[in-house]
1. Out of L66, L99, L79, L109, report the one residue that is among the hydrophobic types (A, V, I, L, M, F, W, C), surrounded by 11 or more Cβ atoms within 10 Å (Cβ to Cβ) and either assigned to a helix (DSSP H, G or I) or touching an Asp or Glu at 6+ places or on another chain (Cβ under 8 Å) (or both).
2. Are there any pairs, at least 6 apart or on different chains, whose C-beta atoms fall under 7 Å, with the first in segment 123-143 and more than 21 Å from V37 (Cβ to Cβ) and the second aliphatic (A, V, I, L, M) and at pLDDT 85 or above, and if so, which?
Amino acid sequence: MGMMWNAMDLLFGGRNVIADTAHVWRENAEASGQRAVQMQSAALEQLAAEYARPRQSWFDGFVDGLNRLPRPMLALSVLGLFGMAMHDPVWFAARMQGLALIPEPLWWLMGVVVSFYFGARHQAKTQSFQRDMMTTAARVPQVVQQIQAIENTAKPDNPALAEWRSLADHGAATK
């Protein structure tokens, strides 16, 4: 057998012609996996750096609190209007007549302002969510290692535990 290998090495220069030829038509799965891991790691590092936030001051917290007020205020105001329509229909009708006098271009402007406000808020929340997801995704390899460590500690043979499990399985089978 050694002579055949020497003859093949002499003919083909010690290369695996089949493997070299296969790489022309099929990607190397192991190299592809390594590239994918490197690309994902680089993307996670880039996103983590992009979305890193410095510590907030009291003013930032105050402004964030103010930014959270309009949505609940709008919802509660609409519910309040329904309540006032039932409680004092004349008062409600007078207010609605006042709204009917607002010109249409002003309604369009109001729509634009509200759309930009909620659109910007949606974008900020989406970026915050993405940042949190990237932080969580970056921890996946660590969690996988911890799970493997836990599984490896549970693998040592324990004759007493094996006997107990077989008795428990036997007891469950007889019921």
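1. Just one listed residue meets the conditions, L109.
2. That search, which allows pairs on different chains as well, returns nothing.
The values are calculated or read from the model by the stated rules, or taken from the named source; none is laboratory data. This one's a predicted model, so the numbers in the text were calculated from it and none came from an experiment. Backbone-built Cβ (ideal geometry, glycine too); neighbour counts: all protein chains shown.
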